[in-house]
Amino acid sequence: MLRPLRHKDFAADAPSVARALIGATLLVDGVGGLIVEVEAYDEDDPASHCHPGRTPRNQAMFGPPGHAYVYFNYGLHWCLNFVCGPEGHGSGVLIRALQPTHGLERMRERRGLDDERLLCAGPGRVGQALGITKALYGLPLDQPPFKVLAPNRRQPIDVVCGPRIGIRRAVDTPWRFGLAGSRYLSRRF
DNA sequence: AAGTAGATGTTCT
DNA sequence: GAACATCTACTTA
């Protein structure tokens with residue numbers, strides 16, 4: 001059965017947590033699905049929001065693991081991260097794509113689209129489909145409105161990785177992880 | 001199928 | 001001012 005993830009499940013370094021999150025289930029107010037694509041970001045990583053050190057915007061990533069780091073991107077999109085790593089070391093995992101399983105009608109309303117495949121295929125789309133806003137900034141992932149459940153351990157999960165998308169620094173760091181062959185990815189690997 | 005422009009607000013130099 | 005962990009609509013092929 002699916003086990004809720006707890007704070008210590010997020011205590012490892014960002015790439016390890018990112019890889020382990022593929023196949024997990026993410027719900028916000030009962031709406032969401034299977035995590036099929038994520039990216040890791042770290043304080044020692046020039047592409048990360050926490051690389052410059054603690055700021056008002058990124059402070060949640062320096063807090064305890066297992067909480068939400070939410071940011072507003074390109075003046076349009078709300079994006080969701082899971083804070084990970086030891087407390088005090090800024091790191092997080094960006095949720096880039098889901099395979100929708102719960103609350104598809106709610107997602108379709110919010111997205112203004114029918115195509116299941118495009119509901120959550122990209123970090124901005126996930127944000128819109130799940131109703132992510134700054135109201136969720138810093139909230140713990142093991143309490144409502146969040147629910148994060150471990151991957152089903154019965155069946156193996158084939159994880160692929162590659163370079164991250166949409167960044168200009170550290171472009172060769174292979175910290176994008178995905179479920180092999182999934183049709184719900186934001187882009188092919 | 002692939003490329004480009006435009007939207008829009010916060011953060012950074 | 002420029003950059004930015006993006007998406008959509010529209011063009012050209």
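Nothing in this text is a laboratory measurement; each read-out follows from the coordinates by a stated rule. What you see is a predicted model; the values in this text were computed from it and never measured. Neighbour counts are summed over all protein chains in view; Cβ atoms, including those assigned to glycine, are modelled from backbone coordinates with ideal geometry.
Structure summary
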read-out	value
Matching entry among A:Leu104, A:Leu80 (being free of Cβ contacts under 8 Å to residues at least 60 places away in the same chain and away from DNA strand C (no atom under 11 Å from the Cβ))	A:Leu104
Subset of region A:122-134 [loosely packed, with under 14 Cβ neighbours inside 10 Å and part of a loop (DSSP other than H, G, I, E, B)]	A:Thr133
Residues (part of a strand (DSSP E or B) and either free of Cβ contacts under 8 Å to residues at least 40 places away in the same chain or out of contact with any His (no Cβ under 7 Å at 6 or more places or on another chain) (or both)) located in region A:135-166	A:Phe146, A:Lys147, A:Val148, A:Leu149, A:Val159, A:Val160, A:Cys161, A:Gly162
Positions within region A:25-76 being of a type in the set (A, V, I, L, M), near DNA strand C (Cβ under 10 Å from one of its atoms) and under 21 Å from A:Ile157 (Cβ atoms), in sequence order	A:Val38, A:Ala40
Residue list for region A:107-124, restricted to those being in contact (Cβ under 8 Å) with a residue 40 or more places away in the chain and of a type in the set (Lys, Arg)	A:Arg117
Options A:Ala47, A:Ala24, A:Ala68: the member that is surrounded by 17 or more Cβ atoms within 10 Å (Cβ to Cβ), under 10 Å from the mean Cα position of the chain (by Cα) and in contact (Cβ under 8 Å) with a residue 40 or more places away in the chain	A:Ala68
Which listed residue is more than 16 Å from A:Leu27 (Cα to Cα), in contact with a Cys (Cβ under 7 Å, 6 or more places away or on another chain) and either away from DNA strand B (no atom under 16 Å from the Cβ) or of a type in the set (D, E, K, R) (or both), from A:Pro163, A:Pro174	A:Pro174
